[in-house]
1. Of these, 123, 147, which one is under 17 Å from residue 182 (Cα atoms), among the charged types (D, E, K, R) and either touching a Lys or Arg at 6+ places or on another chain (Cβ under 6 Å) or not in a helix (DSSP H, G or I) (or both)?
2. Just give me the residues in the range 261-299 being in a helix (DSSP H, G or I), of a type outside the set (A, V, I, L, M) and within 23 Å of residue 53 (Cα to Cα), in sequence order.
3. Mind listing just one residue for me: the one in the range 266-301 that is touching a strand residue (DSSP E or B) at 6+ places or on another chain (Cβ under 7 Å) and open to solvent by less than 60 Å² (accessible area, probe 1.4 Å) and, of those, modelled with the lowest pLDDT?
4. Confirm whether residue 96 is among the acidic types (Asp, Glu), within 24 Å of residue 289 (Cβ to Cβ) and open to solvent by 60 Å² or more (accessible area, probe 1.4 Å).
5. Only residues in the range 104-126 that are touching a residue at least 40 places away in the same chain (Cβ under 8 Å) and among the aromatic types (Phe, Trp, Tyr) count as the first member; pair them with residues that are open to solvent by less than 10 Å² (accessible area, probe 1.4 Å) and in a helix (DSSP H, G or I), Cβ under 9 angstrom, at least 6 apart or cross-chain, and list the lot.
6. Of these, 130, 107, 112, 103, which one is under 16 Å from the mean Cα position of the chain (by Cα) and of a type in the set (A, V, I, L, M)?
7. Being open to solvent by less than 70 Å² (accessible area, probe 1.4 Å), out of contact with any strand residue (DSSP E or B) (no Cβ under 7 Å at 6 or more places or on another chain) and assigned to a helix (DSSP H, G or I) is the filter here, so list the residues in the range 39-76 that pass it.
8. Go through (1) free of Cβ contacts under 8 Å to residues at least 60 places away in the same chain; (2) under 22 Å from residue 250 (Cβ atoms); (3) open to solvent by less than 10 Å² (accessible area, probe 1.4 Å) one by one and return the number of the condition residue 36 breaks.
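The values are calculated or read from the model by the stated rules, or taken from the named source; none is laboratory data. Just so we're clear, the structure is a prediction, and the values are computed from it rather than from any experiment. Every residue, glycine as well, gets a Cβ built from its backbone with ideal geometry; the counts of neighbours run over all protein chains shown. Heads up: the accessible areas ignore ligands, DNA and RNA and are worked out on the full protein's heavy atoms, side chains in. Shrake-Rupley method; radii C 1.70, N 1.55, O 1.52, S 1.80 Å.
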Amino acid sequence: MTLPMTVPAPGLPARVRIHEVGPRDGLQNEKGTVPTEVKAEFVRRLADAGLTTIEATSFVHPKWVPQLADAEELFPLVGDLPVALPVLVPNERGLDRALALGARRVAVFASATESFAKANLNRTVDEALAMFEPVVARAKASGVHVRGYLSMCFGDPWEGAVPVPQVVKVCKALLDMGCDELSLGDTIGVATPGHVRALLTELTEQGTPVAALGVHFHDTYGQALANTYAALEHGVTTVDASAGGLGGCPYAKSATGNLATEDLVWMLRGLGIDTGVDLDRLVATSAWMAEQLGRPSPSRTVRALSHKEQ
Ligand code: HMG
Ligand code: MG
């Protein structure tokens, strides 16, 4: 398999943990129903490719995200894998469902903007935070790790640009209620590197440890890798990505696929940054998943490396 030449750049982390979101953020947006067994096979193949954190599904209202309505069936099929399997839980009902199946990592998902809070959670920003508070408290009391997503950190389809202080305020609320880590979401992919740097600088200057920060870029305008590089320069070591570049958000029309895990691994490998991921196996997994979905992967790296094999 073709690999990039390794040429390290100064000042970057030695290792990055990839938080794989393909089975959740990737598949939540599919029009057709993906069979539960195919989803389970997808998760197993991702684990086999060396991904150690794989967001498996969401325990949300099944009518809101029908594509993930099989969470109860899926989770037991993958629960024995030796990897972290975080799941999304919007409220106590979701937490109950996740805990009943033995989930050890959950994620709540807030919004920096009122419009998306309403569209995604049927709540104001503050009402959503109030909904998460008992979820986080109970999860922590059970020794469960909690991630706090924050959507629309850089722009919102209804409200336009989102001021940095507005984002920082909700980040603080999530950390104050006990979230172990944050994932800063560019839900609609409008961020650019200077903006990423500005938000990270503000957060760290106000006392948030960089180790508690992850980044979650969608690639709508082709900026996801550049934005990731800006985050690495700031010391971020947790990067969300979706195998094959699958993804989007059913409640934000302009959201397209996430940063493709393969494109990320290609860049990190070239920089000499360790991820533990076997690119060959990962590309084969995304090529297999593209066949299941009946359309080619949007990932440039998957396409380039799949063509080479033919
Ligand atoms: P609601 O309609 O306000 O719900 O939805 P409710 O609290 O009024 O409850 C209504 C009924 O739903 C009740 O049943 C509840 O029990 C039931 P009833 O008593 O009427 O028979 N219910 C549930 N059932 C199963 N599981 C649950 C659950 N909760 C309530 N968890 C709610 C509020 C939060 C539930 C809804 O808005 C929802 O499920 N939203 C999820 C939307 C979603 O998953 N969006 C995609 C993920 S976010 C994302 O993609 C962004 C991210 O990738 C980062 C980025 O890119 O920015 C993370
Ligand atoms: Mg997302």
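1. Numbers: 123 fails: under 17 Å from residue 182 (Cα atoms).
147 is the lone residue from the list that is under 17 Å from residue 182 (Cα atoms), among the charged types (D, E, K, R) and either touching a Lys or Arg at 6+ places or on another chain (Cβ under 6 Å) or not in a helix (DSSP H, G or I) (or both).
2. If we filter the range 261-299 for residues that are in a helix (DSSP H, G or I), which is where we start, we get 261-270, 279-293.
From what is left, the residues that are of a type outside the set (A, V, I, L, M) are 261-263, 266, 269-270, 280-281, 285-286, 288, 291-292.
If the condition is that a residue be in a helix (DSSP H, G or I), of a type outside the set (A, V, I, L, M) and within 23 Å of residue 53 (Cα to Cα), then 261, 262, 263, 266, 269, 270, 280, 281, 285, 286, 288, 292 are the ones that fit.
3. Looking at the filtered set, the residue picked out is 299.
4. Numbers: among the acidic types (Asp, Glu): yes; within 24 Å of residue 289 (Cβ to Cβ): no; open to solvent by 60 Å² or more (accessible area, probe 1.4 Å): yes.
Against the criterion (among the acidic types (Asp, Glu), within 24 Å of residue 289 (Cβ to Cβ) and open to solvent by 60 Å² or more (accessible area, probe 1.4 Å)), residue 96 does not qualify.
5. 109/128; 109/132
6. On the way: 130 fails: under 16 Å from the mean Cα position of the chain (by Cα); 112 fails: under 16 Å from the mean Cα position of the chain (by Cα); 103 fails: under 16 Å from the mean Cα position of the chain (by Cα).
Step by step, each of 130, 107, 112, 103 is checked, and only 107 is under 16 Å from the mean Cα position of the chain (by Cα) and of a type in the set (A, V, I, L, M).
7. Of the range 39-76, the ones open to solvent by less than 70 Å² (accessible area, probe 1.4 Å) are 39-43, 46-47, 49-51, 53-60, 62, 65, 67-72, 74-75.
Filter again for out of contact with any strand residue (DSSP E or B) (no Cβ under 7 Å at 6 or more places or on another chain), leaving 39-42, 49-50, 62, 67, 69-70, 72.
Within the range 39-76, 39, 40, 41, 42, 67, 72 meet the criteria.
8. (3)
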